[in-house]
Amino acid sequence: MMTSEARVPTEKAEKYANRLCKHFAYEIQHHPRLSRGGYAEWRAPEGVAEFPEFATCRMTAEPNELVLKIEATDPEKLARMQKIVGAHFEQFAKGDGLRVEWSERSGTSVAAGRRAKVTAGGVVMVALYWLALSPSTAAL
C-alpha cells in the first residue's frame, strides 16, 4: 500500500474538507463505475472518500491546516488520485490561492525516492529517483 500526504495551511480547513466530501459523494452517486462500493462522508473534523479498486482519500480539518491523506495500491493510482484531489481542492480554494503539495510514502521507505507535486492547474509532475538501482551510485 502506498500513501501520500499533504498539509495545506488554511483557517478554512473544515469548509474545504466538507466541500470535497460532498463533491466526491455526488460523483460516486452519479457515476456507476465509481458507485460499486464507493462512498464519501464528512463527520467533522474528519472525512473520507473511498473509491474501490482505486484509492481512498482521508481528510482531517485541523485548526490551521487541512490534512489530506491518500492510500492506493500502486504508484499510478496514487498519482491519479493526487491529481484528482489536488485539482478539485485548488479549484474550490482558488480565491484563497492555496496549493497542494504531496509527500509520498510506501510501506517500507519514504516513497522509494518518489516525489509528486500538484500545481494550480492540477498537473502532476512525478520525478523518480532510483539511485539504489544503479551500481554506479552504490558508493553514494
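Taken together, the values in this text are just the output of simple stated rules run on the coordinates, not laboratory data. Quantities reported herein were computed from a predicted structural model and do not represent experimental measurements. Every residue, glycine as well, gets a Cβ built from its backbone with ideal geometry; the counts of neighbours run over all protein chains shown.
Within the set of other residues whose C-beta is less than 10 Å from the C-beta of V67, count the net charge using Lys and Arg as +1 and Asp and Glu as -1.
Around V67, the surrounding residues sum to -1.
If Lys and Arg each add +1 and Asp and Glu each add -1, what is the summed charge of the other residues whose beta carbon sits under 10 Å from the beta carbon of G38?
Every neighbour counted, the sum reads -1.
Where Lys and Arg each count +1 and Asp and Glu each count -1, what net charge lies around F51 among other residues with Cβ under 15 Å from its Cβ? All intermediate terms of the calculation are to be shown ahead of the outcome.
Details: positive: R33, R36, R58, K69, K77, R80, K83; negative: E27, E41, E50, E53, E71, D74, E76.
Overall, the nearby charge balance is 0.
Straight-line reach from K69: which aspartates and glutamates have a Cα under 16 Å away, not including same-chain ones fewer than 8 places off?
Correct list for K69: E5, E14, E41, E46, E50, E90, E101, E104.
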